[in-house]
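A.B. asks: Here's a structure for you.
The values are calculated or read from the model by the stated rules, or taken from the named source; none is laboratory data. Since the structure is predicted, the reported quantities are computational estimates derived from the model, not experimental observations. All Cβ positions, glycine included, derive from the backbone under ideal geometry; neighbour counts span all protein chains shown.
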Amino acid sequence: MSINFVTDKVNLRVDGRVATLEMNRPEALNAMDTDVIKGLVFKLKEISDSDEIDIVVITGRGRAFSAGGDIKTMLSNINESDFFPVMDCISELIITLYSMPKLTISAVSGAAAGLGFSLALATDYIIADKTSKLAMNFIGIGLIPDGGAHFFLEKRLGETKAKQVIWDGKMLSADEALKLGLIQEVADGELQQTLETRVADWLSRPVQAMIKTKKIMAEKNRPQLLKILELEKYGQQKMRETIDHQEGIKAFIEKRKPRYIGK
């Protein structure tokens, strides 16, 4: 079976037992606005209901996986009543992706930053192009990670290293991310070829047993992830009200180093 779906900012392609979801805002480096987030949720739920699909690959069209949350949303002074629904959409996306009864792979080229990196971390396996850059860089504008990043980073790194990655907010090369344990594989050559090799390997295995292991772990961890997503939602709103965040945004616009005061 080979089917093509195109829905505004998210493309879905199904080829046999493999579905590929492609974020389709190349002009914005696939920055995730509410249309992208809702489109991903809709398509993931559609895929979850299919007994014919075993593997889901997430990619970004063009030069980046995803540069993170849409800058217009970050720059806007929306109040709680408008901000919380956006955060709820993010939470729905992450919990749907993490819990879905399929094996999931992020194929990262270019930038995977902020919320884009959180999205990748929510998948079972991350393959990055040799030249890709990954960053949990919310701290750069006085915010905390969202998209469940506190949960995923602690799971992959442990609490101490997770805090360091969050507080540093450094842009990491693919090799640096692999060494830390943030990703599972760096493409040796073309990303697409490495991805196809990984998918073929998984399809040659007893996939339902792999999925069952995933489901058991996801069911065990789901309450903690939901709690983290809730804490991130309210914590992020508090950070948006800080003087440091306003300074971070202003410095970003003015292309200068921010002057933080700790308030």
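A.B. asks: Please verify whether Glu154 is assigned to a helix (DSSP H, G or I) and either under 17 Å from Asp168 (Cβ atoms) or at pLDDT below 95 (or both), treating the condition exactly as stated. Steps first, answer last, please.
C.D. replies: On the way: assigned to a helix (DSSP H, G or I): yes; either under 17 Å from Asp168 (Cβ atoms) or at pLDDT below 95 (or both): yes.
Answer is yes for this residue.
Here is a yes/no grid of residues against (1) of a type in the set (A, V, I, L, M, F, W, C); (2) at negative phi:
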| position | (1), (2) |
| --- | --- |
| Asp168 | no, yes |
| Leu172 | yes, yes |
| Gly181 | no, no |
| Gln192 | no, yes |
| Arg205 | no, yes |
| Glu219 | no, yes |
| Pro223 | no, yes |
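A.B. asks: Checking Gly114 against (1) surrounded by 18 or more Cβ atoms within 10 Å (Cβ to Cβ); (2) without any contact (Cβ under 8 Å) to a residue 12 or more places away in the chain, which test does it fail?
C.D. replies: (2)
A.B. asks: Show the residue pairs that are 6+ apart or on different chains and have beta-carbon atoms under 6 Å apart, the first residue being within segment 196-219 and over 20 Å from Ser48 (Cα atoms), the second being surrounded by 10 or more Cβ atoms within 10 Å (Cβ to Cβ) and modelled with pLDDT of 95 or more.
C.D. replies: Close Cβ pairs satisfying both conditions: none exist.
A.B. asks: Do you know which residues across segment 118-174 are closer than 24 Å to Pro101 by Cβ, of a type outside the set (S, T, N, Q) and in contact with a strand residue (DSSP E or B) (Cβ under 9 Å, 6 or more places away or on another chain)?
C.D. replies: Hits for segment 118-174 are Leu119, Ala120, Leu121, Ala122, Asp124, Tyr125, Ile126, Ile127, Gly147.
A.B. asks: Now for a different question. If the requirement is being closer than 25 Å to Leu93 by Cβ, in a loop (DSSP other than H, G, I, E, B) and either without any contact (Cβ under 8 Å) to a residue 40 or more places away in the chain or not hydroxyl-bearing (Ser, Thr, Tyr) (or both), which of these qualifies: Ile249, Ile183?
C.D. replies: When all the criteria are applied, what remains is Ile183.
A.B. asks: Run down Gly248, Gly235 and say which single residue is surrounded by 10 or more Cβ atoms within 10 Å (Cβ to Cβ), closer than 26 Å to Ser81 by Cα, in contact with a Gly (Cβ under 8 Å, 6 or more places away or on another chain) and not aliphatic (A, V, I, L, M).
C.D. replies: Working: Gly235 fails: in contact with a Gly (Cβ under 8 Å, 6 or more places away or on another chain).
Answer to the selection: Gly248.
To keep it simple, each residue is scored yes or no on (1) more than 14 Å from the chain's Cα centre (by Cα); (2) at negative phi.
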site: Gly114; (1), (2): no, no
site: Lys133; (1), (2): no, yes
site: Gly142; (1), (2): yes, no
site: Glu154; (1), (2): yes, yes
site: Gly189; (1), (2): yes, no
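A.B. asks: What is the number of the single condition among (1) closer than 20 Å to Leu225 by Cα; (2) touching a helix residue (DSSP H, G or I) at 6+ places or on another chain (Cβ under 8 Å); (3) surrounded by 17 or more Cβ atoms within 10 Å (Cβ to Cβ) that Gly181 does not meet?
C.D. replies: Going through the list (1) closer than 20 Å to Leu225 by Cα; (2) touching a helix residue (DSSP H, G or I) at 6+ places or on another chain (Cβ under 8 Å); (3) surrounded by 17 or more Cβ atoms within 10 Å (Cβ to Cβ), Gly181 breaks only (3).
A.B. asks: A further question on this structure: For Lys72, indicate whether it is modelled with pLDDT under 95, surrounded by fewer than 20 Cβ atoms within 10 Å (Cβ to Cβ) and not aromatic (Phe, Trp, Tyr). First the steps, then the outcome.
C.D. replies: Working: modelled with pLDDT under 95: yes; surrounded by fewer than 20 Cβ atoms within 10 Å (Cβ to Cβ): yes; not aromatic (Phe, Trp, Tyr): yes.
Considered against the rule, which asks whether it is modelled with pLDDT under 95, surrounded by fewer than 20 Cβ atoms within 10 Å (Cβ to Cβ) and not aromatic (Phe, Trp, Tyr), Lys72 comes out as yes.
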